[in-house]
Amino acid sequence: MFGYQIRLAPMPHRFRAPNIEKYNGETDLKIWLVNYQLVMKAASTSDMFFMIQYLSIYLTDSTKNWLNNLWEGIIKR
């Protein structure tokens, strides 16, 4: 589903996964994504490609299944 730039994004030095509530499809996606981005930046992650790559960790099973069923390479930026 992710393009090569996203798949190859390196993990930031000393990255520690922040505690973020998983997205379940019931809340406003735009608000959740803004919060996700802010929390990831607070965790010393400024690389947008890594943020996208790491996103699936914070999805519930139903939203992760949706994401995993997208066409290969459809999400590039």
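Just so it is clear, none of the values below were taken in a lab; they were calculated from the coordinates. Since the model is a prediction, treat every value here as computed from it, not as a measurement. Glycine also receives a Cβ, built like all others from the backbone with ideal geometry; neighbour counts cover every protein chain displayed.
Okay, here's what the table says:
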quantity: Region 1-71, dipole about Cα centre (Lys/Arg Cβ +1, Asp/Glu Cβ -1), debye to the nearest 20; calculated: 260
quantity: Cβ-derived FRET efficiency at R0 35 Å, ASP61 paired with HIS13, nearest 0.05; calculated: 0.70
quantity: Neighbour net charge for LYS41 - beta-carbon separation under 14 angstrom, K R +1, D E -1; calculated: 0
quantity: Most positive-pole-ward Cα, PRO12, MET40, LEU29, against dipole of the chain from beta carbon charges; calculated: PRO12
quantity: Mean residue ellipticity (222 nm) of the chain, computed from DSSP H runs ≥ 4 via -39,500 (n - 2.57), nearest 500; calculated: -11500 deg cm²/dmol
